[in-house]
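The structure appears right after this line, and notes come after that.
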Amino acid sequence: MACPERLAAAVTGFLDPLEGRRLFELAATASGRGPCLEIGSYCGKSAVYLGCGCRRNGGVLFSVDHHRGSEEQQPGEAYFDPALFDPAGGCVDSLPAFRRTLAAADLEDTVIPLVCRSTLAARMWATPLALVFIDGGHAFETAHSDYRAWSGHLMPGGYLLIHDIFKDPAEGGQAPYQVYRIACGSGLFDELPMTKTLGVLQRRA
Ligand code: MG
């Protein structure tokens, strides 16, 4: 079985291999207790790491994304990728790339794509989760609504992971860090060591 680093290296996305390895290890630990869920599938780079961790336990990863691209991935914006633009639909569509990634990584029996806004997926959600990874839209309202929609579904001992934590505003956008601070201030989580820009919190019992 190929290692997740090698599989993920071929996938478009924004995730450091050390952060990916941490995702893999946390999913390998958590997925024995319940399902894992990520917000922000994009082309599947993080799903490869999380999914490979889940597969070890026969677990599952729900991967939520409307696949229309986040605010900064629209035409003319800083993270627009023409390869992900669907001319027929006149919009970004990252779902075909995501499906190719799942097939190439042999994760189609582990990862469950949810193609919708994360707040819609959360509307009737009732299953306790062992891990939630927030890496969707990076505008504050988007990241905060992802936190509000999903953090309450974490089981005691479950992991809340938030990507792109930049404590220095000169290094990156502040919304994920603001949400991280809100989570830390809630009294519901213990802070574990970060890996690069990956914030790791654990739900208290
Ligand atoms: Mg990210």
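We did not get these values from a lab; they are worked out from the coordinates using the rules stated. On a predicted model such as this, the values are computed, not experimentally measured, just so you know. Glycine also receives a Cβ, built like all others from the backbone with ideal geometry; neighbour counts cover every protein chain displayed.
By other beta-carbon atoms within 10 Å, ranking Phe80, Phe62 with the fewest at the front produces Phe80, Phe62. Residues whose amide H falls under 5 Å from that of Leu114, counting only those 5 or more places apart or on a different chain, are Ser63, Val64, Asp65, with hydrogens built in the peptide plane. Here segment 154-205 and segment 13-67 have alpha carbon centers that stand 17 Å from each other. Using the Stokes-Einstein relation with a Kirkwood hydrodynamic radius computed over Cα pairs, the translational diffusion coefficient of the chain at 37 °C and a viscosity of 0.692 mPa s comes to 195 µm²/s. In terms of packing, defined here as the mean over residues of other Cβ atoms within 10 angstrom, the peptides 89-98, 142-151 line up highest first as 142-151, 89-98.
By other beta-carbon atoms within 10 Å, ranking Cys184, Cys54 with the fewest at the front produces Cys184, Cys54.
Bridge orientation summary for segment 5-203: considering DSSP beta bridges with both residues in this region, about 40 percent are antiparallel. Counted by neighbouring Cβ atoms within 10 Å, the residues Tyr180, Tyr79 run from fewest to most as Tyr79, Tyr180.
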